[in-house]
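Notes follow once the structure below has been shown.
Just so it is clear, none of the values below were taken in a lab; they were calculated from the coordinates. The shown structure was predicted, so the numbers you read here are calculated from the model rather than taken from an experiment. Note that we place each Cβ from the backbone using ideal geometry, even for glycine, and neighbour counts take in every protein chain shown.
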Amino acid sequence: MRNNKELLIGLKPIYNTITFEIKKQRKKFYAFLALIIIISVAIVVITGFIRPDTLVGFFFIALAFIIFLLDIAACLFFSAIICSEFDKKTGFIIFPKINKYKLILGKYIGNLILVIILITSYYIIIGITGLFYYGGETSIRVFSSYLIALLYLSTLSSFVTFFSSFLKSVNGTIVITFVLLLFGFMIIDQLVGLIFAEKFEPLYSLAFLGNLIVNILVFPDLRYIKVPFDMADPTGPSMVQWITPSIGVGITMMLLFTVLYLVLAALLFKRRQL
Amino acid sequence: MTETIIKLENLTKKFGDFTAVNNINLEVHRGEIIGLVGPNGAGKTTTIKMIAKILRPNSGRILLRTNQGKLEDLQNVSSTVTQMGFLIDIPEFYKMTAYQLLKYFAKLQNYPKDKINERIDWFLAFFKLTEWKHENVKNFSKGMKQKVGLIQAIIHDPEIIILDEPQTGLDPLARVDIRNGIKALQSAGKTIFVASHMLYEISEICDKIAMINRGSIIGFDTVENLASALKTSEIIFEVLESITPHELEPLLSRLIERLNPYLDKELDPSVSKIPIKYYPEEKELKIFYDGNHKSKGEILKILIKEFESDFTVISYTQEKTSQLERVYTQMVKDDDVNRKSKINGEVSKNEK
């Protein structure tokens, strides 16, 4: 009984930080929600013209922007999570009041809740449109895609939080993580495909893991393709381009990275001095 | 003497080759107000940051008396959150309203939920911020932010309050508000540790002063004891009648001759070239004496009895601030000279 009470008291600062963080980020949340609504409306209009044959086909097009949205959301909501306490010196006020592990957990969960709401809104708008276009047709794959998107979001969030734990400025963190997510991993993946071909699957790459969100809609499909250097000679020398991980490995890697990056971020945050 | 509540033991903090805090030992007793005085970069804020667990010491430790009554190493104590309140540096806040911030801080430090609003309202009224309660702190002036900074340090009613330059950059009115706030805490029996450049503020509120220079404590005592250790002090006598310029010179000569045994023989010329000064506008005589309590009494007796025909003493004061300034300047100078001679000694040893 006493242990339960102590546990509850121990969790209270995390809960208080979550609610405070949600209030603190509400302006950013509303701005991003507006962006999501605009993008989804644009997609609704575009797919209205193209009108694919199936609901899955519709989602395949509608989710074209999802990775981009997830990347932006993670960068904007998580880049300040640790480094702003140092950069803006708010740490002088907050650090003596709460254990650093509880602080990072509270902030992480608070922001994660917000971005989950945002991404859920996107799926809801697209989902309603799909129902409208294709009647009562349902697909477990769409729901799986949504769950993987949430998992991928938490991986991205941990990744950005990790960078925030050692970089100095908020803007620097946004730029570096965004460039890495959008271009960095892609370039490295190309090089790896060039050097190791199909022998090495780029499971280190968050961009590669994120492809599962869309590709789960059409699974099992090709996991990689061979791109010839000379298009006129398809049988000539080629490089391998990985498209998607397998479902099991992809989910495992995302879970692993979520935990790993978050633990590393927490440890670095604990060591970092203001 | 009341029990020790915080104890710094051989506390050292280095940043690379630079030693910011060097082997500091200090004891703070329950209910005391301790001032930490020192030039820029002396190690005041670094010391406070280590007490706040924002910085880790390289060696030494900080002991805190816990709620169980034991002195325990701060690194192993989790109750610091509720036992201490900190205002470090110029406070920077999240972009939220004063009310939202203070509510969050009070909750974090386990202040009873049902009393939080009442407490916030009381403090905001005390510091004249009530009408700003629901305004974003980013729109606050520096003084207002500093007041919110002080409130956040004490919102959870901590036993120990640690303040770093609480009055820096404030206008006189805001400074008075902050000083009144600290005095109110003092009368509530709180233990307070204040680092400041403002010698007047420090001398007004502190029971003891710790002087810090280049990371080391060079003096720790009451202002009076620090002053007497330097064997120099000053006292101001207010006189009833103005002393005319043609009377002044012979009078000063007589005064210096008569009071000679009690005057400061090694008066620092940067403080004053003569041991007795007259300020016509204030009708005040300032006498630099040897700091001895007996001398002070003798001087008073002589002025009243033997100079009755020249002037009438109506009051005397001993300004803590100017005393502290002199003690501070002297101690820092002495410390710097000692260091230089030590370094020179080491250099010549090495050359040999």
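Structure notes:
- Per-pair calculated FRET efficiency, R0 = 56 Å: B:N136 and B:T244 via Cβ, rounded to 0.05: 0.35
- Shielding by other protein chains, B:233-245, mean Cβ within 10 Å: 0
- Taken as entire DSSP H runs, the helices of chain A that both span 30 Å or more between Cα atoms along their own long axis and average 1.0 or more on the Kyte-Doolittle scale are A:26-50, A:100-134, A:140-164, A:247-271.
- Square roots of 5 times each gyration tensor eigenvalue, C-alpha, the protein assembly as shown, largest first, Å: 68, 27, 21
- Here chain B has an Rg and Dmax of 24.0, 73 Å, counting Cα atoms alone.
- Averaging the Cα positions of each part gives two centres, and for the stretch B:51-124 and the stretch B:186-262 these lie 35 Å apart.
- Nearest-ten-degree value, helix B:293-306 long axis tilted from longest Cα axis of chain B: 40
- Of the peptides A:230-242, A:61-73, A:182-194, the ranking by mean beta-carbon count within 10 Å, highest at the top, reads A:61-73, A:182-194, A:230-242.
- The stretch B:117-133 - phi-based ³J(HN,Hα) in whole Hz, Karplus 6.51/-1.76/1.60, Gly and Pro as x: 4, 4, 5, 4, 4, 4, 5, 4, 5, 4, 9, 6, 10, 3, 6, 9, 3
- Relative contact order (%) - criterion: Cα under 8 Å, at least six apart; region: chain B: 18
- Tail weight of P(r) past 22 Å, computed on alpha-carbon pairs of the stretch B:231-321, percent: 18
- Here the Kirkwood formula puts the hydrodynamic radius of the stretch A:8-97 at 16.3 Å, using every distinct Cα pair.
- Angle between chain B longest axis and helix B:98-108 axis [Cα atoms, degrees, rounded to 10]: 70
- Taking the stretch B:231-321 and dividing mean pair separation by its residue count, relative contact order in percent (alpha carbons under 8 Å, at least six apart): 48
- Relative intensity, log₁₀ I(q)/I(0), of the stretch A:39-178 from a Debye sum that treats every alpha carbon as a point, q = 0.09, 0.15, 0.22 Å⁻¹: -0.36, -0.76, -1.23
- The mean number of partner chain beta-carbon atoms within 10 angstrom of a residue's beta-carbon across peptide A:164-176 is 0.
- For the peptide B:101-110, the mean number of other protein chain Cβ atoms found within 10 angstrom of a residue's Cβ is 5.
- Value of relative contact order over chain A, rounded to a whole percent, pairs C-alpha under 8 Å and six or more apart: 24
- Approximate shape of the stretch B:1-105 as ellipsoid semi-axes (Cα gyration tensor, √5λ), whole Å, largest first: 24, 20, 14
- Local electrostatic count, B:N180, Cβ distance below 12 Å [Lys/Arg +1, Asp/Glu -1]: +2
- Computed across chain A, the Kirkwood hydrodynamic radius from all distinct Cα-Cα pairs reaches 20.3 Å.
- Amide H partners (placed H, <5 Å) of B:E165, local residues excluded: B:A195, B:S196
- Amide proton proximity set for A:M239, modelled H, under 5 Å, gap of 5+: A:V227, A:F229
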